[in-house]
1. Find all pairs meeting these conditions: Cβ atoms under 8 angstrom apart; at least six residues apart or on different chains; first residue within segment 120-143 and free of Cβ contacts under 8 Å to residues at least 40 places away in the same chain and farther than 14 Å from VAL107 by Cα; second residue not in a loop (DSSP other than H, G, I, E, B) and not aromatic (Phe, Trp, Tyr).
2. For the condition more than 22 Å from GLN117 (Cβ to Cβ), in a loop (DSSP other than H, G, I, E, B) and within 13 Å of the chain's Cα centre (by Cα), what is the one hit in VAL15, VAL27?
3. If I ask for residues that are in a loop (DSSP other than H, G, I, E, B), within 20 Å of GLU136 (Cα to Cα) and of a type outside the set (Asp, Glu), which ones from segment 99-114 would you list?
4. If I filter segment 79-93 for residues that are touching a residue at least 40 places away in the same chain (Cβ under 8 Å), surrounded by fewer than 14 Cβ atoms within 10 Å (Cβ to Cβ) and more than 19 Å from THR36 (Cβ to Cβ), do I get at least one hit?
5. So which residues in segment 125-137 are open to solvent by 80 Å² or more (accessible area, probe 1.4 Å) and either charged (D, E, K, R) or not in a loop (DSSP other than H, G, I, E, B) (or both), if there are any at all?
6. What are the residue pairs meeting all of these: first residue in segment 1-23, first residue within 15 Å of GLY145 (Cβ to Cβ), second residue among the basic types (Lys, Arg) and part of a helix (DSSP H, G or I), Cβ atoms under 8 Å, and 6 or more apart or on different chains?
7. Filter segment 89-112 for residues that are acidic (Asp, Glu) and within 16 Å of ALA144 (Cα to Cα) and give the result.
8. In segment 25-47, what residues are farther than 29 Å from SER121 by Cβ and either touching a residue at least 24 places away in the same chain (Cβ under 8 Å) or among the polar types (S, T, N, Q) (or both)?
Amino acid sequence: MKAIILHNIRSHYNVGAIMRTADGAGVSRIYLCGYTSTPVDRFGRTVPALHKTALGAEITVPWQHCDDTETAITECRRNGCMVVAVEQANDSIPLRDFQAPERVAYVLGSEIEGLSQDIISACDAVVELPMLGQKESLNVSVTAGIVLYH
């Protein structure tokens, strides 16, 4: 089982792209936490920008909204998953050195703030993508694709 927990991802386009990649990578469930965009708005209408990039993956990959990320982390642990933050942190290990277990849930954070220390501390491990150029990070949907196919 592979799951993704998205924490406060504002961009509909990024969420849709992650959903499409998740479908291709065989993700079992996506948790949309905090203010992360959902495929339908509060009135039950399809969100066009998310649908545009998801291309139907918002229908094929089960998703659920959680008000807080800790709830999703707890549920993934109950399902036997190792919960892994994807973040640049003091105790992170390079993704290339990480051996993913069969049951894993990756936590990806806000495009601007990333993951808070509270969320990082709630995870079982922290991995990061080493940045070799001048930029400090990649787009969250690109990062999700790299991590899911690792």
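The values are calculated or read from the model by the stated rules, or taken from the named source; none is laboratory data. Owing to the predicted nature of the structure, the values given are computational and were not obtained by experimental measurement. As a convention, Cβ positions derive from the backbone with ideal geometry for all residues, glycine included, and neighbour counts pool all protein chains shown. Ligands, DNA and RNA are excluded from the accessible area calculation, which covers all protein heavy atoms including side chains. Shrake-Rupley method; radii C 1.70, N 1.55, O 1.52, S 1.80 Å.
1. PRO130/PRO94; PRO130/LEU95; PRO130/ARG96; LEU138/ILE146
2. The match here is VAL27.
3. GLY109, ILE112
4. Checked segment 79-93: at least one residue is touching a residue at least 40 places away in the same chain (Cβ under 8 Å), surrounded by fewer than 14 Cβ atoms within 10 Å (Cβ to Cβ) and more than 19 Å from THR36 (Cβ to Cβ).
5. LYS135, GLU136
6. From residues that are within 15 Å of GLY145 (Cβ to Cβ), the pairs are TYR13/LYS52; GLY16/LYS52.
7. GLU111
8. PRO39, THR46, VAL47
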